[in-house]
Amino acid sequence: MKKRILLLAGGQSGEHEVSLMSAKSVLAALPRDQFDVTPVVISKQGRWLPPTDTARALESGVSAHGGDLVLHRAASAEGYDAVFPLLHGPMGEDGTIQGLLTLAGIPFVGSGVLGSAVSMDKVMTKQVLASAGVPQVAWALALRHEWRSTPDTVRVRASNLGFPLFVKPANLGSSVGISKVNSAGELTAALDLAFGLDRRVILEAMTSYKPREVEVGILGNDTPIASPVGELQFDAEFYDYDTKYTEGRATMHIPAPLPDSVSQRVRDIALTAFRALDCAGLARVDFFYVQETGELLLNEVNTMPGFTTTSMYPKLLEAAGISYSELVTRLVGLALEKR
Ligand SMILES: Nc1ncnc2c1ncn2[C@@H]1O[C@H](COP(=O)(O)OP(=O)(O)O)[C@@H](O)[C@H]1O
Ligand SMILES: [Mg+2]
């Protein structure tokens, strides 16, 4: 019998449009002889759109207002064999939808509540990975109330890390709200921006030299595999929003031009991180490689990475010999296996 799949797309984060594009690709690729797929687009307001509005959103890449509250529509998720929550960022990749689906008893693709929530949060990720011995940049946490009531304590934390440093909202993504701070004078604007978007902000030391950015794809549950390593090359001070989403600003190199020993370390550390964070199904693990010193530092773990046919994650798995449609089929299998 065919498996009935609910494909969730869109969502309330800044990556709404990316998710729509990813979902369109997944919808086209799930083999119809094995799956009956129902897409539901979640509007930017967090409402589940009816079928006609969903179809229009997937077609045009823009979603309408309206729709139903999640709780009203959650019951309609019953009757599906599995859900593919193809949602990025807050309210999608952060354990919230995973909690709803867990309560409803429906298997879903990707990490559960714990792995999703911890991996979404840059501070929690760093704490868990530090205890697993994973190399990372030096960092410090700052809270919004501290920045408002005792800003000097936050400034001290920043200058202890040294300049330049990165200031980031703890729970966002897509480089939104991230600043590279070159000197103490630029700190106020960066912190105001980040605290405008999140209660918790992470301050991160910059690597000693401009790092190379390398990424690896992980696939599996308890016995995951790591793909070949890829590299992103771009001409910008860092991989900011425009560079990420403007066609042609960044290029992907798979496999990354790296010595085998470095690629192998990337894969080993990524698998360690995947296990330490209790991830499941899939993840793209991003690293900084400081060529001058040989340092390899884990930057972040994305539990629902970009998923168009030209996105890094599916391309990395393709390099591992797994085609796009085989990949989405396997992910559903992994969701069912988790149960
Ligand atoms: N500590 C750091 N040192 C050097 N570059 C950094 C550092 N942190 C972030 N960057 C740059 O900023 C980009 C976005 O940061 P990242 O933490 O990956 O945020 P997001 O979760 O929004 O993708 C990175 O891809 C990199 O180019
Ligand atoms: Mg990133």
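Observations on the structure shown:
- Folded to 0 to 90 degrees: helix 151-161 orientation relative to the chain principal axis, Cα: 80 degrees
- Carbon/sulfur fraction of accessible area - the chain, other protein chains in place, 1.4 Å, %: 54 percent
- Per-residue HN-Hα couplings for segment 271-284 [Karplus 6.51, -1.76, 1.60; θ = phi - 60°; Hz; x = Gly/Pro]: 5, 4, 5, 4, 6, 4, 8, 6, 7, 8, x, 8, 6, 10
- Solvent exposure of the chain as accessible area per residue, Å², 1.4 Å probe: 43 Å²
- Under the convention that each Lys and Arg Cβ holds +1 and each Asp and Glu Cβ holds -1, the size of the dipole of segment 139-205 around its Cα centre is about 120 debye.
- Taking amide H atoms as placed 1.01 Å from N in the peptide plane, the amide H of ASP36 lies under 5 Å from those of LYS3, ARG4, ILE5, each 5 or more residues away in sequence or on another chain.
- Efficiency of FRET between GLU59 and GLU146 - r from beta-carbon atoms, R0 45 angstrom, step 0.05: 0.45
- Restricting segment 262-339 to GluC sites (Glu not before Pro) that sit in a DSSP loop and have at most 11 other Cβ atoms within 10 Å of their own Cβ leaves GLU292.
- Ellipsoid equivalent to segment 3-108 - semi-axes via the Cα gyration tensor, in Å: 18, 17, 13
- Built amide H within the under 5 Å cut-off of ASN299, gap 5+: ASP286, PHE287, PHE288
- Helix-only CD estimate at 222 nm, as mean residue ellipticity for the chain, using -39500 (n - 2.57) per DSSP H run (n ≥ 4): -11000 deg cm²/dmol
- Taking a ≥ b ≥ c as the square roots of the eigenvalues of the alpha-carbon gyration tensor, segment 139-205 is classed oblate because a/c is 1.5 or more while a/b is no larger than b/c.
- The long axis of helix 16-29 is offset from the longest Cα principal axis of the chain by roughly 40 degrees.
- Label point at GLU186 placed 7 Å out along Cα→Cβ; residues across segment 201-220 whose backbone nitrogen lies under 12 Å: 206
- Hz values of 3J(HN,Hα) by residue in segment 113-121 - Karplus curve (6.51, -1.76, 1.60), Gly and Pro given as x: 4, 5, x, 5, 5, 5, 5, 6, 9
- Sequence-ordered 3J(HN,Hα) estimates for segment 79-86 from the Karplus curve with 6.51, -1.76 and 1.60 and θ = phi - 60° stand at x, 9, 7, 7, 10, 10, x, 7 Hz, glycine and proline given as x.
- Values of log10 I(q)/I(0), in the order q = 0.08, 0.10, 0.14 Å⁻¹, for the chain under a Debye, Cα-only, solvent-free model: -0.37, -0.58, -1.14
- Here's the picture: charge each Lys and Arg Cβ at +1 and each Asp and Glu Cβ at -1 in segment 139-205, and of LEU187, ALA205, GLY173 the one pushed furthest to the positive end of that dipole is GLY173.
- Quick note on segment 126-270: its Rg to Rh ratio, both from C-alpha atoms and Rh being the Kirkwood radius, is 1.00.
- Shape category assigned to segment 89-190 from the gyration tensor of Cα positions, a/c cut at 1.5: prolate
- Counting 0.36 nm for each residue step from GLU295 to ALA319 and taking away their Cα separation leaves a gain of 6.2 nm.
The values are calculated or read from the model by the stated rules, or taken from the named source; none is laboratory data. Just so you know, these numbers come straight off a predicted model, no measurement behind them. Quick reminder, even Gly has a Cβ in these numbers, built from the backbone with ideal geometry, and neighbours come from all protein chains shown. Please note that ligands, DNA and RNA were not included when accessible areas were found on the heavy atoms of the full protein model with its side chains. Shrake-Rupley method; radii C 1.70, N 1.55, O 1.52, S 1.80 Å.
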